[in-house]
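The values are calculated or read from the model by the stated rules, or taken from the named source; none is laboratory data. What you see is a predicted model; the values in this text were computed from it and never measured. We place every Cβ from the backbone using ideal geometry, glycine too, and count neighbours over all the protein chains shown.
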């Protein structure tokens, strides 16, 4: 009997990532079915959203068959996933960008923040929204929670009338870049402490996105290893000596 679990998240991607983390498998080794997607009003970005997915591990025969059809080795898995997102044509992209612009103009008007500026552009296989303005911390929220909620709303708008899901990435005052840099610096400090003391260190709870930054930063360090432990939303990264 194939192993199956139900995973929850604020977005489908987050729910899938959590499930894969629990099962310790990659996305190509499973079948995924969306069970529940609780919708929200576009302007209610602070309201919680729950997406449930059922993730079932394929049997060995299914995985062997899929491995025969893997994309050429000259392309990374990430590049292949991005390649599949190119199916949205330029006309649709232009329409999506216009819809996002209308929404954001109205959104900031309702917030009485018409001083805020934003840029919408196609970047690689995504639509990138860059927001600039003073005192926008309330739109970022604790560890980017509100920012992520707004990104989910924009992705919903972008995909509303499209046959394929259009991925929207949003940043406010370079928050994501600053947060990533801070986490990478933290990872290096923790690794040095672990190597010096030979003691295991458990970090505070982080989102899957933040944990991935820590894991990626230390994956090539020959002296330490990392793994995650605990259940969401209190899942933590553990750094220990190899």
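The table that follows gives values for the structure above.
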| quantity | calculated |
| --- | --- |
| Test result for residue 240, in contact with a helix residue (DSSP H, G or I) (Cβ under 7 Å, 6 or more places away or on another chain), over 22 Å from residue 14 (Cα atoms) and not in a helix (DSSP H, G or I) | yes |
| Filter pass, residue 224 being touching a helix residue (DSSP H, G or I) at 6+ places or on another chain (Cβ under 6 Å), within 30 Å of residue 95 (Cβ to Cβ) and either at pLDDT below 95 or not assigned by TED's automatic domain parsing to the domain that holds residue 22 (or both) | no |
| Given (1) surrounded by fewer than 17 Cβ atoms within 10 Å (Cβ to Cβ); (2) within 23 Å of residue 210 (Cβ to Cβ); (3) modelled with pLDDT of 80 or more, number of the condition residue 48 does not satisfy | (3) |
| Selection from segment 114-126 of residues that are more than 16 Å from the chain's Cα centre (by Cα) and crowded, with 16+ Cβ neighbours inside 10 Å | 116, 118, 120 |
| Output for segment 12-44, where each listed residue is modelled with pLDDT of 75 or more and assigned to a loop (DSSP other than H, G, I, E, B) | 24, 25, 26 |
| Matching helices (runs of 4 or more DSSP H) fully within segment 76-164 where at least 1 residues are at pLDDT 80 or above | 90-110, 137-140, 145-159 |
| Search result, residues across segment 127-148 that are within 15 Å of the chain's Cα centre (by Cα) and surrounded by fewer than 17 Cβ atoms within 10 Å (Cβ to Cβ) | 128, 143, 145 |
| Extreme residue, surrounded by the fewest Cβ atoms within 10 Å (Cβ to Cβ), among residues of segment 188-205 that are in contact (Cβ under 8 Å) with a residue 40 or more places away in the chain and in a helix (DSSP H, G or I) | 195 |
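Let's see how each residue does on (1) out of contact with any strand residue (DSSP E or B) (no Cβ under 8 Å at 6 or more places or on another chain); (2) farther than 20 Å from residue 143 by Cα; (3) modelled with pLDDT of 95 or more:
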{"site": "167", "(1), (2), (3)": "no, yes, no"}
{"site": "170", "(1), (2), (3)": "no, no, no"}
{"site": "173", "(1), (2), (3)": "no, no, no"}
{"site": "176", "(1), (2), (3)": "yes, no, no"}
{"site": "191", "(1), (2), (3)": "no, yes, yes"}
{"site": "211", "(1), (2), (3)": "no, no, no"}
{"site": "219", "(1), (2), (3)": "no, yes, no"}
{"site": "239", "(1), (2), (3)": "no, yes, yes"}
